[in-house]
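No value in this document is a laboratory result; all are computed from the given coordinates. Everything quoted here is computed from the prediction, not taken from an experiment. Cβ placement follows ideal geometry from the backbone for every residue including glycine, while neighbour counts extend to all protein chains displayed.
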Amino acid sequence: MKIAIMFILLLTTLFPTIVYSGEIYGCIKKGGKFIKEKKEERVKIKIIPKSNKEKTYSTDTDEYGIYRLYVPETGSCILNMEYQKRPVYTSVSKEEKKLDFLVYSYKGSVQYDFFIEEKDGEYLLRRK
């Protein structure tokens, strides 16, 4: 028991970001299927906390279309995506194109599943 407690304290000291950060994870689909692309063509995800816009957390989806990020700041964040080297918009109108999708980071885990659809040559992001 004593060894287990010491091990947990050691992990907390060595990896505080993982222990105290919020996990944001989920999957991304296109056409009802997971996006399974070559490594260089996977979806690129970037999250910027509104409380600290100088920090950026980024990752790519894995071979199953799954992503996972650890964001130490809690609260609202901006999520941006890029697919096949093109931006994924949250909305497109004649006046403007929006890239930012609002997500929230908590001390625990939160899941955001998305799907990407193509419309008029643009990729659009939709939440599942």
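Go through segment 41-61 residue by residue and tally those that are surrounded by fewer than 16 Cβ atoms within 10 Å (Cβ to Cβ) and part of a loop (DSSP other than H, G, I, E, B).
Selection size over segment 41-61: 7.
Within segment 73-128, can you find the residues that are part of a loop (DSSP other than H, G, I, E, B) and among the acidic types (D, E)?
Going residue by residue through segment 73-128, those that are part of a loop (DSSP other than H, G, I, E, B) are 73-74, 84-85, 90, 93-96, 99-100, 106-108, 112-113, 120-121, 128.
The answer is E73, E95, E96, D100, D113, D120.
Among Q111, Q84, which is over 15 Å from the mean Cα position of the chain (by Cα) and in contact (Cβ under 8 Å) with a residue 12 or more places away in the chain?
So the residue among Q111, Q84 that is over 15 Å from the mean Cα position of the chain (by Cα) and in contact (Cβ under 8 Å) with a residue 12 or more places away in the chain is Q84.
Suppose we keep only residues that are in contact with an Asp or Glu (Cβ under 9 Å, 6 or more places away or on another chain) and within 16 Å of K38 (Cβ to Cβ) within segment 82-98. Which one would you say is surrounded by the fewest Cβ atoms within 10 Å (Cβ to Cβ)?
The extreme case among them is K85.
Give me the pairs, please: first residue somewhere in segment 93-105 and in contact (Cβ under 8 Å) with a residue 60 or more places away in the chain, second residue anywhere and of a type in the set (G, A, S) and in a loop (DSSP other than H, G, I, E, B), beta-carbon distance under 9 Å, and either six or more positions apart or on two chains.
Listed by first residue and then by second, the contacts come to S105/S21.
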